[in-house]
Amino acid sequence: MFKIAKGHVAIPFALGAPPVSSDEDAASRFCVSEGWVGDLSNGVIKLGHLSTMLHGLPSPECGLLNLLRCYDTYDRARILELFEQAATTSSSFCFSTTVVRPNGQRQPLFCIGESMGTEAKHSGSMTGVFLFPRFTLDAGSSAGSH
């Protein structure tokens with residue numbers, strides 16, 4: 001994903017997002033991050049408050065297909081394949097996509113995660129972090145391409 005958007009980092013992009021911190025944490029100037037966990041025995045993914053809100057989901061617990069429906073249609077099949085592979089072999093993974101909000105705005109998203117315990121007799125788990133850049137893309141804007 002390659003995107004460019006007009007905006008100003010000092011303008012809050014989401015209610016409830018932590019403020020930009022000092023130069024000690026350069027990443028917080030450009031994005032907010034939040035962890036997530038997935039239980040492969042029941043297929044439930046647990047998001048934090050901010051990730052739930054930025055995905056537009058009604059609850060912090062959801063299934064993979066509910067999560068995928070939030071993403072750009074173009075990316076869904078590839079992300080599903082990535083999660084399926086990670087569910088069968090302990091591995092690290094990453095992807096980027098765009099969350100498509102009901103109002104048409106699009107929120108870029110980066111995800112880094114890992115799966116563990118998939119080779120054992122139990123089902124295993126996944127854990128990761130979502131990184132949300134501190135800007136959104138307007139509906140229908142031609143601000144970038146994949």
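Key figures
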quantity: Long-range amide H partners of ASP72 with built H, under 5 Å; calculated: THR98, VAL100
quantity: Rg/Rg_ref, the range 31-96, where Rg_ref = 2.2 N^0.38 Å and atoms are Cα; calculated: 1.09
quantity: Spherically averaged projected area of the range 43-136 from its Cα convex hull (nm²); calculated: 5.7
quantity: 16 Å reach of a label modelled at ASP39, 7 Å along Cα-to-Cβ, counting backbone N of the range 47-91; calculated: 47-48, 60-64
quantity: GLU114-HIS49 FRET efficiency (beta carbon distance; Förster radius 25 Å; 0.05 resolution); calculated: 0.65
quantity: Amide hydrogen neighbours beyond the local backbone of SER90, cut-off 5 Å, H modeled; calculated: THR118, GLU119
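The numbers here are math on the coordinates, done by the rules we state, and not lab data. Note that this is a predicted model, so its numbers are computed, not measured. All Cβ positions, even for glycine, are placed from backbone atoms using ideal geometry, and neighbour counts span all protein chains on display.
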